[in-house]
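Here's the structure we're looking at; comments come further down.
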């Protein structure tokens, strides 16, 4: 199979990619930010200056959800490379599961509330195993920063007042109708940071999350308000379909809340005003993000107009797979 066939296959891939990108109403820049590629690379692919790679094809299929049509076009293109002896090895499957254990977060709800001098954080995460291997565990982090604008002061503060595992009251469960407790262990702990691994299954039974399967996990922890920070941040390191962040404060604290989206891969930076409502003596804020960008940060900050002293927030990095961060879909 010659160069002409390879060129035709590459052109067919580009047509499929462009069709689904327009169908999903995404610009090249938006698609690039969601898959973790430079915008110029997407332009080069669509113009034919660059040929698609397996990793690129996997990522755009995961984001554009073409029903494997993009991936099938890539398989045809890849077969022309094999015919020409370029040594690319692909499995026989016509579906594009990422190699190894990989997760997609279909929906995440992160809720933070202030009550009785404690910040309580509860996370609900719908997970989908999209890789080729079962997933046995999922890592989460508790990461606080009392004075984020003054690192030296914050470091000195947490040296004097470290975050202790016995004070956070960490809990985790798995399941929908009747959630069961999950087994977990601390992987790493330092003054303002705790990394925890959750084992799939329950206290009684180990049950890996097999390819194609879904599950729902919950985890929760608390931190004394005087140790926290005036912010809550979600770092998107796994493909995520929907992100929802909620804050709840006593009305008497008269909170002021604002948000910001930033990205490691693009120059995207946008200020956001979350929705607000008052009920039952509480002020509640909500920020919903459909299809958040890979490697982006979604951060809410707040300050109190009705309290004499500030009480403060933290960040959580979404990780998975044998205790290692998965940055790619």
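Laboratory data are not the source of any read-out in this text; all were calculated from the coordinates shown. Owing to the predicted nature of the structure, the values given are computational and were not obtained by experimental measurement. Here Cβ is always computed from backbone atoms with ideal geometry, including for glycine, and neighbour counts include all displayed protein chains.
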query: If we count other beta carbons within 10 Å of each Cβ, what is the order of 47, 66, fewest first?
result: 47, 66
- request: Could you give the C-alpha radius of gyration of the stretch 3-83 expressed as a fraction of 2.2 N^0.38 Å, taking N as the number of residues it contains?
  value: 0.99
- request: Pop a pseudo-label 7 angstrom from the Cα along the beta-carbon direction at both residue 260 and residue 8 and give the gap in nm to one decimal.
  value: 5.3
message: Multiplying the sequence separation of residue 305 and residue 50 by 0.36 nm and subtracting their Cα-Cα distance, what value in nm do you get?
response: 86.3 nm
- line: Packing-ranked peptide list from 176-189, 50-63, highest mean Cβ count within 10 angstrom first, is 50-63, 176-189
query: Using 1/(1 + (r/R0)^6) with R0 = 45 angstrom and r between the beta carbons of residue 159 and residue 79, what's the FRET efficiency to the nearest 0.05?
result: 0.15
- prompt: Using a simple spin-label model with points 7 Å from Cα along the Cα→Cβ vector, what separation in nm is obtained for residue 252 and residue 177?
  reply: 4.3
Percent of Cα pairs exceeding the 13 Å cut-off, where the set is the stretch 191-249: 80
task: May I ask you to derive the relative contact order of the stretch 107-234, considering only C-alpha pairs under 8 Å and at least 6 residues apart, and to give it as an integer percent?
output: 38
query: Put a dot 7 Å past each Cα toward the Cβ at residue 43 and residue 278; how far apart are the dots in nm?
result: 4.9
- prompt: If you look at just the Cα atoms of the stretch 103-317, how large are its Rg and its Dmax in Å?
  reply: 17.4, 54
- request: Could you state the orientation-averaged shadow area of the convex hull built on the Cα atoms of the stretch 93-185, in nm² to one decimal?
  value: 9.6
